[in-house]
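Every read-out reported here was derived from the displayed coordinates using simple, explicitly stated rules and does not represent laboratory data. Keep in mind that this is a model prediction, so the values were computed, not measured. Note: ideal-geometry Cβ built from the backbone for every residue, glycine included; neighbour counts use all protein chains shown.
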Amino acid sequence: MTTEPDIDSTAAKLRHLLTSRLVGDGWLHSPQWRAAVEAVPRHEFVRRFYRESDSPGLTTWTPVTAELVGVEEWLRQAYTDDTLITQFDGREIDWSDPQPISNAHPTSSSTLPALVVRMLEELQVQDGMTVLEIGTGTGYSTALMCHRLGAERVSSIETDPDVADRARDALDRCGYAPRLIVRDGLAGDSEGAPYDRTIATCGVRHVPRPWVQQTRPGGLILATLRGWMRSLGLVRLTVDRTGRAEGRFIADDPSFMIARQQEAPLNLGMIPAPDDGTTRSTPHGPGLLGMPDSGFVAQLAMPGARFFSMPTHDGTPGTYVIDATNGSFAVLTPKGDGEWTVRQGGLITLWDEFEQSLAVWHTAGSPPPTAFGVTVTPQRQCVWLGSPGGPNWRLPTATQAPADTA
Ligand SMILES: C[S@@+](CC[C@H](N)C(=O)[O-])C[C@H]1O[C@@H](n2cnc3c(N)ncnc32)[C@H](O)[C@@H]1O
């Protein structure tokens with residue numbers, strides 16, 4: 001049996017192992033962040049969580065608490081380099097009788113430590129700087145920043161009051177008292193501005209204007225841009241004196257849960273009737289949507305779209321690409337010999353848009369997402385290829401139609 005005092009020493013050993021792993025894997029470099037990971041007790045932030053089970057097929061999550069799996073196993077899992085889910089579908093979990101969960105949508109978590117420290121390193125903080133975090137979640141990343149900079153320099157916003165309460169309690173237990181705010185973080189924190197750094201641990205479809213206005217000139221914004229098909233990646237923007245923010249994608253793989261206010265509409269959109277739209281052949285099949293780099297281009301070209309597979313009216317396997325924001329659609333069916341039929345209709349000819357973007361990308365040598373960057377001005381937000389003057393695609397902002405691409 002592990003007794004209470006053992007929790008601290010067991011946790012310290014596990015933290016040391018986790019730290020060494022993060023250093024060994026190349027995510028953790030600086031002595032200050034290393035000290036923070038060694039010091040902050042992640043287990044205090046994840047007393048109860050769900051972890052993805054290794055089962056084929058349907059994704060299933062299994063509950064983990066000290067009572068369910070024993071203190072040592074709970075601690076071991078709390079210090080794995082893994083994302084630990086703490087909420088599904090915006091609803092609190094009934095911990096009086098926790099059951100495995102499937103068919104659910106995680107809405108809060110303690111992010112994979114490798115990604116947390118990678119982002120903190122990329123934030124390029126220096127002593128004395130102030131930070132605004134959007135997406136407090138469990139409070140673990142907030143605690144790391146409190147350790148590094150001092151809690152008085154850290155503000156964090158969480159949209160969900162229950163999640164925020166738990167984070168506040170955990171931070172309190174660990175002796176950190178940052179400024180915690182419960183509201184839609186897309187509005188930022190004008191009272192605490194200007195900040196030297198703004199970091200978002202929820203994904204956004206575009207960079208909220210307040211984040212730019214509330215970050216001081218020369219300051220940095222680190223956020224994951226994402227769409228409804230996939231994540232675009234982690235972008236680091238430098239804010240200038242004119243209210244412009246610009247920078248490059250620095251990683252293409254991180255995928256954060258999207259800000260709740262920017263979730264895709266529940267309704268996937270109208271299934272087009274069999275004779276809707278116009279039909280042509282294409283060599284570009286739906287497989288491109290799921291591939292890492294061409295999928296990135298698809299997300300840029302069709303920012304309001306989503307896709308799913310379903311047989312068409314005559315039983316042929318079909319892939320439906322639908323933009324529910326404007327009723328546009330493209331339906332792809334196999335023709336044989338690597339050719340496809342695409343039937344398109346609605347306001348935007350989605351597959352034409354995608355193929356034009358693919359052609360631009362191929363002409364540039366099919367570079368990875370890190371060849372792209374982002375410019376945010378008060379009038380416009382766009383992703384560009386190569387340099388700010390290069391080919392560009394508009395990001396969907398509140399005042400622009402989602403399919404308003406260039
Ligand atoms: C991946 S979790 C955050 C992980 C956290 N940094 C940690 O270390 O535990 C993302 C969080 O963002 C929150 N969130 C989503 N939309 C938000 C918004 N508009 N403003 C503030 N928080 C938001 C979610 O409720 C969730 O708790």
Fewest-first ranking of Met302, Met119, Met129, using other Cβ atoms within 10 Å as the exposure measure: Met129, Met119, Met302
Burial ordering of Thr136, Thr377, Thr201, fewest other beta-carbon atoms within 10 Å first: Thr377, Thr201, Thr136
Inter-centroid distance (Cα atoms) of segment 322-369 relative to segment 105-131, Å: 35
In degrees, nearest ten, helix 161-173 long axis to first principal axis of the chain (Cα): 30
Cβ-based net charge around Val154, under 15 Å, with every Lys or Arg adding one and every Asp or Glu removing one: -3
Computed lengthening from Asp162 to His362, 0.36 nm per intervening residue step minus Cα-Cα distance: 67.3 nm
Kirkwood-type radius of segment 278-362, with distances r between different C-alpha atoms, in Å: 12.8
For segment 1-77 and segment 152-171, distance of Cα centres in Å: 20
Unit charges on C-beta of K, R, D, E only; dipole of the chain, Debye: 1040
With Cα atoms, 0 to 90° folded angle of helix 350-363 axis to the chain main axis: 80
Top positive-direction residue, dipole computed over segment 188-332 with Cβ charges, set Val212, His284, Leu232: Val212
Charge dipole (debye, nearest 20) of segment 278-362; +1 at Cβ of Lys and Arg, -1 at Cβ of Asp and Glu: 140
Tilt relative to the chain, helix 113-122 - C-alpha long axis, 0 to 90 degrees, to 10: 80
For the chain, convex hull of alpha carbons as volume per residue, Å³: 153
Relative contact order (%) - segment 278-362, alpha-carbon pairs under 8 angstrom, separation at least six: 32
Extension gain from His313 to Asp293, taking 0.36 nm per residue of separation minus the Cα-Cα distance: 4.1 nm
